[in-house]
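Worksheet: one structure, shown below.
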């Protein structure tokens, strides 16, 4: 399980994307974001990028440790699959 620290939350979008992609390349399929104290729609977009990257490589990504704000953003955006482990964005 990949557990990015709170400092990575403030990294550039390129660094965030690359960090998650590196974790996926090492075989990680579960990301624990419980160290991220804040939530934003931009960070949710990075998570979607990671999920799509995993899917492109035939992997399933599940994200754990989302704070209540992230959960609400995901629900409002219809992207709960990020933390349910579903392989189809339609579920």
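The values are calculated or read from the model by the stated rules, or taken from the named source; none is laboratory data. Here the structure is a predicted model, which means the values were calculated and not measured. Note that we place each Cβ from the backbone using ideal geometry, even for glycine, and neighbour counts take in every protein chain shown.
Look at residue 9 and say whether it is in contact with a strand residue (DSSP E or B) (Cβ under 7 Å, 6 or more places away or on another chain) and either closer than 21 Å to residue 58 by Cβ or in a helix (DSSP H, G or I) (or both). Talk me through it step by step, then tell me what you get.
Details: in contact with a strand residue (DSSP E or B) (Cβ under 7 Å, 6 or more places away or on another chain): no; either closer than 21 Å to residue 58 by Cβ or in a helix (DSSP H, G or I) (or both): yes.
Against the criterion (in contact with a strand residue (DSSP E or B) (Cβ under 7 Å, 6 or more places away or on another chain) and either closer than 21 Å to residue 58 by Cβ or in a helix (DSSP H, G or I) (or both)), residue 9 does not qualify.
If residue 66 meets every condition in (1) in contact with a strand residue (DSSP E or B) (Cβ under 9 Å, 6 or more places away or on another chain); (2) not in a helix (DSSP H, G or I) apart from one, which number is that one?
(1)
Would you check if residue 73 is in a helix (DSSP H, G or I), at pLDDT below 95 and surrounded by 12 or more Cβ atoms within 10 Å (Cβ to Cβ)?
Yes, satisfied.
Hey, among the residues in the stretch 24-46 that are assigned to a helix (DSSP H, G or I) and in contact with a helix residue (DSSP H, G or I) (Cβ under 8 Å, 6 or more places away or on another chain), which one's nearest to residue 57 (Cα to Cα)?
Residues of the stretch 24-46 that are assigned to a helix (DSSP H, G or I), as a first pass: 24-25, 41-46.
Now drop any that are not in contact with a helix residue (DSSP H, G or I) (Cβ under 8 Å, 6 or more places away or on another chain), which leaves 24, 41-44, 46.
On the way: 24: 9, 41: 25, 42: 23, 43: 21, 44: 20, 46: 17 Å.
Here the residue is 24.
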